[in-house]
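A.B. asks: One structure follows; several queries about it will come next.
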Amino acid sequence: MNEIHSWREEKSSSYLYRIVAQCETGTTREALFNELAERAEQQAALWERKARTNNISLPEKFSPGPRTLLVSALVKRFGVKRMKPILTAMKIRGMSLYVKAPQGHDMPTHVAQIGKRHNTGGNGNLRAAVFGVNDGLVSNASLIMGVAGAAADAKVIVLTGVAGLIAGALSMASGEYVSVRSQREMYEYQIGLEADELDEYPQEEAAELALIYTARGMPANEAKKLADSLIADPKKALDTLTREELGLNPDELGSPMGAAVTSFFSFIVGALIPLLPFLFAAYFTLSNRTSLIVAIILTALSLFALGATLSLFTGKNSFHGGSRMLLIGGGAGLIAFFVGKLLGVSLS
């Protein structure tokens, strides 16, 4: 029954293309999506003929399903750009038009340029590690400050900090695993559909790609020539169709287990920083007050260092990034401390 499923997919795509075209009325993208709707209708006709050849009956009239109707309503309400991830999952091409290309990454003009400008997925785990340390630091520091504000015993603070560390690390790891796994499954599903369509009707795929290049300002004859040359190489064709039609980067699929492990240990590292003074207090006979002061200093220095490190990814000034992170994290800890102090007084 693959013919029926494929026919419905193309019909649903055509329906959504026209919704997107309506949202882009008056822009250069309107004609593109109307044309893509026509292409989807043509591909649906191919599946219809194939179904008849195999004596498979199709519905007399196409009716969009609940999912398609819901997505179309959301697109009308929130716009195409905000709904890009969902539209991509619904097999809507041309979403790369809503992705701003990095500086210096112009549209390719020759087949040899394909794949040379997209190697951006190598720092995913590093970014996850930095954010994991940040989350562990801020959340556990706030938790410890809140308990310390209630004038709790050092043992209670340590127990609370360790519990927050374990719970937070497990939550962070499981959340990252589910998030990356879900994103990867969506990418793999869409890439698989693109591969099937490339095998089934390569010329139609080349025509869609040419339309997208034309919408970006390339002359129609050059766009067609480039698209045809790309389709001639199956490997580069699939890579290009994935990027240019779906707006996805195959290099950024990511590893769910890698993200989970990285987040787990990086959260522990961050969560340990404000906890260490209280852990060492028993060996060096530090008072709660001294441990708290040391914890505040270590947390403040770490927050500034993390903010400065994050500026490597944002391109902002490192001092500004460090100061902002210190202000945000320090504010969270201060609020938690006074809330704990208030509750400690009221409960005593």
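A.B. asks: Going 7 Å from the Cα of Arg181 along its beta-carbon direction, which residues of segment 66-96 have the amide nitrogen within less than 20 Å of the resulting point?
C.D. replies: Within reach of a label on Arg181: no residues.
A.B. asks: At 7 Å along Cα-to-Cβ for each site, give me the label-to-label distance between Ala305 and Leu276 in nm.
C.D. replies: Taking the simple label geometry, Ala305 and Leu276 are separated by 0.7 nm.
A.B. asks: What would the Debye formula give as log10 I(q)/I(0) at q = 0.17, 0.21, 0.27 Å⁻¹ for the alpha-carbon point model of segment 42-91, no solvent?
C.D. replies: Each listed q maps to, in turn, -0.67, -0.80, -0.97.
A.B. asks: Please give the helix 202-215 orientation as an angle from the longest Cα principal axis of the chain, in degrees from 0 to 90, rounded to the nearest 10.
C.D. replies: 70
A.B. asks: What does the charge add up to near His5, with Lys and Arg as +1, Asp and Glu as -1, over the other residues with Cβ less than 14 Å from its Cβ? Could you put the intermediate results ahead of the total?
C.D. replies: On the way: positive: Arg8, Lys11, Lys50, Arg67, Lys91; negative: Glu3, Glu9, Glu10, Glu48, Asp196, Glu197, Glu200.
Neighbourhood net charge equals -2.
A.B. asks: Tell me, what % of the accessible area of the chain is carbon and sulfur with a 1.4 angstrom probe? Intermediate values should be presented prior to the final figure.
C.D. replies: Working: 11440 of 18440 Å².
Carbon-and-sulfur percentage of accessible area, whole number: 62.
A.B. asks: So what is the relative contact order for the chain, in percent, with contacts set as C-alpha pairs under 8 Å and at least six apart?
C.D. replies: Numbers: 440 pairs, mean separation 83.8, N = 348.
For the chain, the relative contact order is 24 percent.
A.B. asks: Using the Kirkwood radius built from alpha carbon pairs, what does the Stokes-Einstein equation give as D for segment 265-310 at 25 °C and 0.890 mPa s, in µm² per second?
C.D. replies: Numbers: Rh = 11.1 Å.
After rounding, the answer is 220 µm²/s.
A.B. asks: What nm value, rounded to one decimal, do you get for the distance between Ser323 and Ala89 when each label is placed 7 Å out toward the C-beta?
C.D. replies: The modelled label-to-label distance comes out at 4.1 nm.
A.B. asks: So, R0 is 51 Å and r is the distance between the beta-carbons of Arg82 and Thr285; what FRET efficiency does that work out to, to 0.05?
C.D. replies: Working: r = 57 Å, r/R0 = 1.12.
Efficiency at R0 = 51 Å is approximately 0.35.
A.B. asks: Then there is this: With every protein chain left in place, what is the accessible area of Lys91 in Å² (1.4 Å probe, nearest 10)?
C.D. replies: Accessible surface of Lys91 is approximately 10 Å².
A.B. asks: Using the heavy atoms of the protein chains alone and a 1.4 angstrom probe, what is the accessible area of the chain per residue in square angstrom?
C.D. replies: Details: 18440 Å² over 348 residues.
Per residue, the chain has an accessible area of 53 Å².
A.B. asks: Taking a ≥ b ≥ c as the square roots of the eigenvalues of the Cα gyration tensor of segment 282-339, is the shape rounded (a/c under 1.5), prolate (a/b larger than b/c) or oblate? Numbers along the way, then the final one.
C.D. replies: Details: a/c = 4.33, a/b = 2.01, b/c = 2.16.
Verdict is oblate for segment 282-339.
A.B. asks: For semi-axes √(5λ) of the Cα gyration tensor in Å, the listed values are [x] 128, 27, 16; [y] 53, 22, 18; [z] 49, 23, 18; which was obtained by calculation from the structure presented?
C.D. replies: Here semi-axes √(5λ) of the Cα gyration tensor in Å agrees with entry [y].
A.B. asks: Hey, another quick one. Report, in whole Å, the centroid distance computed from the Cα atoms of segment 138-167 and segment 168-244.
C.D. replies: 48
A.B. asks: In a Gaussian network model over the chain where Cα atoms closer than 10 Å are linked, find which of Gly65, Gly79, Gly254 has the largest mean-square fluctuation.
C.D. replies: Gly65
A.B. asks: Would you work out the relative contact order for segment 127-248, in percent, from Cα pairs under 8 angstrom that are 6 or more residues apart? Could the numbers behind the result be given before it?
C.D. replies: Working: 59 pairs, mean separation 23.1, N = 122.
After rounding, I find 19 percent.
A.B. asks: A further question on this structure: Run lengths n ≥ 4 of DSSP H only: what is the helix-derived mean residue ellipticity at 222 nm for the chain, with -39500 (n - 2.57) per run over all residues, to the nearest 500? Show your work: numbers first, answer last.
C.D. replies: On the way: 12 runs with 263 residues, N = 348.
After summing the helix terms and dividing by the residues of the chain, the value is -26500 deg cm²/dmol.
A.B. asks: Could you state the angle between the C-alpha long axis of helix 154-200 and the longest principal axis of the C-alpha atoms of the chain, as a value from 0 to 90 degrees rounded to the nearest 10?
C.D. replies: Around 10 degrees separate the two axes.
A.B. asks: Further, regarding this structure: What's the angle, to the nearest 10 degrees (0 to 90), between helix 318-347's Cα axis and the longest principal axis of the chain?
C.D. replies: Once rounded, one gets 60 degrees.
A.B. asks: Now, a different point. Can you send over the solvent-accessible area of Thr299, 1.4 Å probe, protein chains only, in Å² to the nearest 10?
C.D. replies: Thr299 exposes around 10 Å² with every protein chain in place.
A.B. asks: Simple spin-label model, 7 Å along Cα-to-Cβ: Leu69 to Met257 in nm?
C.D. replies: That separation, rounded to one decimal, is 4.4 nm.
A.B. asks: For the chain, with only Lys/Arg (+1) and Asp/Glu (-1) charged at the beta-carbon, what is the dipole magnitude about the Cα centre, in debye rounded to 20?
C.D. replies: Charge dipole of the chain: 1240 debye, to the nearest 20.
A.B. asks: On to the next question. How high is the FRET efficiency between Ile56 and Leu170 when r is their beta carbon distance and R₀ equals 41 Å, given to the nearest 0.05? Intermediate values should be presented prior to the final figure.
C.D. replies: Working: r = 49 Å, r/R0 = 1.20.
Computed FRET efficiency for Ile56 and Leu170: 0.25.
A.B. asks: In terms of Cα to Cα distance under 21 Å, which lysines are near enough to Lys11, apart from those fewer than 8 places away along the same chain?
C.D. replies: Lys50, Lys61, Lys76, Lys84, Lys91
A.B. asks: Related question: Taking +1 at the Cβ of each Lys and Arg and -1 at the Cβ of each Asp and Glu, which of Ser182, Phe267, Val339 sits farthest along the dipole of the chain towards its positive end, judged by Cα position relative to the Cα centre?
C.D. replies: Farthest towards the positive pole: Val339.
The values are calculated or read from the model by the stated rules, or taken from the named source; none is laboratory data. Just so we're clear, the structure is a prediction, and the values are computed from it rather than from any experiment. Note that each Cβ is placed from the backbone with ideal geometry, even for glycine, and that neighbours are counted across all protein chains shown. The accessibility values were calculated without ligands, DNA or RNA, using every heavy atom of the protein model including side chains. Shrake-Rupley method; radii C 1.70, N 1.55, O 1.52, S 1.80 Å.
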